[in-house]
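Take a look at the structure set out below.
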Amino acid sequence: MTGAYIKSVTFDCADALVLGRFWAAALGSDLDEDSTPDKAFVEAAGWGGPNIWFARVPEPKTAKNRMHFDLRAPGTVAAEVARLEALGASVLRRGDDLTVMADPEGNEFCVE
């Protein structure tokens, strides 16, 4: 018997379209054409990771994420951080081998 697998990861957000566009560009994928500010979908790119859903909720993010993505830069960390900043992310902390960033709605993630 096999165990369960992660089919998708869902983000609660203020604007599903804005966050969906950011993560589609960040991960080299496409935003589903039926996406709206209420719900958006990004299909996993590359080696078959989980799909990502974005769902509008009324309440704002209020604390640090308890789960986050660790992204592996395809080149240098500095180049990937600059690319993600151009897409709308912000740097929270820079380290020697790892940079902690936030997406446009403040969800933390790491680039290594």
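The values are calculated or read from the model by the stated rules, or taken from the named source; none is laboratory data. Everything numeric here is computed off the predicted structure, so don't read it as measured data. Counting neighbours? That spans all protein chains shown, and the Cβs are built from the backbone with ideal geometry, glycine included.
Some observations on this one:
- Hits in region 42-70 (condition: hydrophobic (A, V, I, L, M, F, W, C) and touching a helix residue (DSSP H, G or I) at 6+ places or on another chain (Cβ under 7 Å)): Val42, Ala45, Ile52, Phe54, Ala55
Yes or no, residue by residue, for (1) closer than 23 Å to Ser90 by Cβ; (2) among the hydrophobic types (A, V, I, L, M, F, W, C):
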{"position": "Asp12", "(1), (2)": "yes, no"}
{"position": "Asp15", "(1), (2)": "yes, no"}
{"position": "Gly28", "(1), (2)": "yes, no"}
{"position": "Glu33", "(1), (2)": "no, no"}
{"position": "Thr36", "(1), (2)": "no, no"}
{"position": "Phe41", "(1), (2)": "no, yes"}
{"position": "Ala44", "(1), (2)": "no, yes"}
{"position": "Pro50", "(1), (2)": "no, no"}
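- Odd one out for Ala82 among (1) surrounded by 10 or more Cβ atoms within 10 Å (Cβ to Cβ); (2) in contact (Cβ under 8 Å) with a residue 24 or more places away in the chain: (2)
Residues are listed down the side, and each one gets a yes or a no for (1) of a type in the set (Val, Ile, Thr); (2) farther than 23 Å from Tyr5 by Cβ; (3) out of contact with any His (no Cβ under 9 Å at 6 or more places or on another chain):
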residue: Ala45; (1), (2), (3): no, no, yes
residue: Glu59; (1), (2), (3): no, yes, yes
residue: Lys64; (1), (2), (3): no, yes, yes
residue: Ala73; (1), (2), (3): no, yes, yes
residue: Ala78; (1), (2), (3): no, yes, yes
residue: Leu87; (1), (2), (3): no, yes, yes
residue: Gly95; (1), (2), (3): no, yes, yes
residue: Val111; (1), (2), (3): yes, yes, yes
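- Count - residues of region 1-21 that are acidic (Asp, Glu) and in a strand (DSSP E or B): 1
- Condition met for Pro60 (loosely packed, with under 13 Cβ neighbours inside 10 Å, on the phi < 0 side of the Ramachandran plot and in contact (Cβ under 8 Å) with a residue 12 or more places away in the chain): yes
Per-residue answers, yes or no, for (1) surrounded by 15 or more Cβ atoms within 10 Å (Cβ to Cβ); (2) of a type in the set (S, T, N, Q):
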residue	(1), (2)
Lys7	no, no
Asp12	yes, no
Leu17	yes, no
Gly20	yes, no
Ser29	yes, yes
Glu33	no, no
Lys39	yes, no
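- Selection count, region 91-106, where residues are more than 15 Å from Ala25 (Cβ to Cβ) and either without any contact (Cβ under 8 Å) to a residue 40 or more places away in the chain or in the same structural domain as Gly49 (by TED's automatic domain parsing) (or both): 11
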